[in-house]
Amino acid sequence: MEEQSLDTYPSDAPIIFNWQNEELLEAFFVELDKLGSGMINHISEIHPSDDDPTLLRLFMNDGIEVETTIENFASYMAPYPTVARQISEPSDGILHMKMSPYFEAFNPEEYAGEIHEEHIDTGDGGLETEEDSVTEEPIEEGENN
């Protein structure tokens, strides 16, 4: 990857934090290019996971926290605008943008081992679930909260 000065980056470009693996960064840039600038403008910060560098935590400009992967990043993030509109405002939690997007809301019961999830139907099939003490609340396509 070629070094660039700060004045060559767009002012609205996402900030990438603590990236250690240059090969994964290059793979991520390939996925990011597939996504297009319209969607990229929704992203504020990008953080790779310490435990799994292929897992990403994104902080979006609309306040939503997203978890996704480098592999298939563009296809997983493409429905983000539609999915984000379905999340109750404001919600503390993580929007998992993977094969079947779902929102994992943090609430006071989280400390008792319960996590509230809103499953999101993007029209492509099944919903992901978590097995451990989870309350599920599906969200239907087109529903606005």
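One decimal place: the segment N41-E22 gains 4.6 nm when fully extended, by the rule 0.36 nm per residue minus the C-alpha distance. Cα-based radius of gyration for region 12-78, normalised by 2.2 N^0.38 Å, reads 0.99.
Subtract the Cα-Cα distance of V30 and E71 from 0.36 nm times their separation in residues, and report this length gain in nm to one decimal.
Answer, rounded to one decimal: 13.8 nm.
Just so you know, all these numbers are worked out from the coordinates, no wet-lab data involved. Since the structure is predicted, the reported quantities are computational estimates derived from the model, not experimental observations.
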